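Inspection log for the structure reproduced underneath, given as structure tokens.
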Amino acid sequence: MTSRINIGRPQANADPHGLSNSRSSGYRAANPDDPLEKLYAFSKTVEDNVEIFTQPLRPHLPTIGRFLIVVTFLEDALRIVTQWSDQIWYLQQHRHFPWGISHTFLIINVLTMLVGSAAVILKRYSEYAVGGLLGVVVIQGFGYGLIFDLNFFLRNLSVIGGLFMVFSDSMVSRKATFAGLPQISETDRKKYFLLAGRVLLIFLFIGFIIQGQWGIARVIVSFIGFIACIMVAVGFKAKWSAVFLVLVLSVFNVFANNWWSVHSAHPTRDFLKYDFFQTLSIVGGLILLVNMGPGGLSVDEKKKNF
């Protein structure tokens, strides 16, 4: 309230309603020497620069983000088709799939990934496309016996987070209602999916932190990256934190998962290729986060409404 009643000083006030001053005497000016104020000013500058830098790309960011998110599914479908006999042999010999079941398993995976990816890129039937691709992530984890592998688990949590971001970006209103059931508005659903997507996206970087050989550079990058992950998860300065993670993951991806430099017959080539395209998918989810913002359930949004 701009007008206050001062009990201790009952004398007349020349401006009882405080109309001559836009702010009451209870507020104080920001101290430019305060470290927190300096940090806030710096973060504001970075955020403004991010907005300026991404402005020319803004109309294209959703399409780029959606394409990068599903690129791992497109690569996986192509790999299954080009390595069909090896895939069948692995499922039958190591996973003990009966003949015919292994073929059906691979055909369903390929068709779902191709159709679902196309629908996501074209922004058509996104709810069904995301559901189908989520199903692929789960059944492949069980089918290939990787569901309890920590690296696979963390990476796929991030991929799922990216798919949640796609769903939030493409969310449409449902007109169907059910009597007696509480209704959740489109805005509320989008807030919850954005929150889930933000939290799940950071698991890839957590996997990067806990694996690999440690060095001074890795410690510094991991520490700063972990802070950025926390900021993305809680939605504090989420846009420029996401931009930072995009840059770090992109550089890391090129140098650590350089599958193109490995001979085609080398057994690690497929693993590097798989990690490379999965990292691209998480980068796509972060790009959608930069475009859409952190959503209603975030510190940034709470500060706007304060």
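Read-outs throughout are calculated quantities, based only on the coordinates presented, and are distinct from any laboratory measurement. Being a predicted model, the structure only gives us computed values, none of them experimental. We place every Cβ from the backbone using ideal geometry, glycine too, and count neighbours over all the protein chains shown.
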Self-check item: Positive minus negative residues near residue 62 (Lys, Arg vs Asp, Glu; Cβ under 13 Å)
Solution: +2
Self-check item: chymotrypsin sites (Phe, Trp or Tyr not before Pro) restricted to the stretch 90-167 and DSSP loop, no more than 14 other C-beta within 10 Å
Solution: 99, 148
Quiz item: Expressed in nm to one decimal, what extension gain is obtained for the pair residue 247 and residue 103 from 0.36 nm per residue of sequence separation less their Cα-Cα distance?
Solution: 47.9 nm
Quiz item: In nanometres, what is the gap between the two model label sites at residue 125 and residue 230, each 7 Å from Cα along Cα-to-Cβ?
Solution: 4.4 nm
Exercise. Taking the Cβ of residue 273 as the centre, find all other residues whose Cβ is under 11 Å away and add up their charges (Lys, Arg: +1; Asp, Glu: -1).
Key: -2
Quiz item: How far, in nm, would the chain grow between residue 86 and residue 153 when pulled straight, counting 0.36 nm per residue and subtracting the alpha carbon separation?
Solution: 21.8 nm
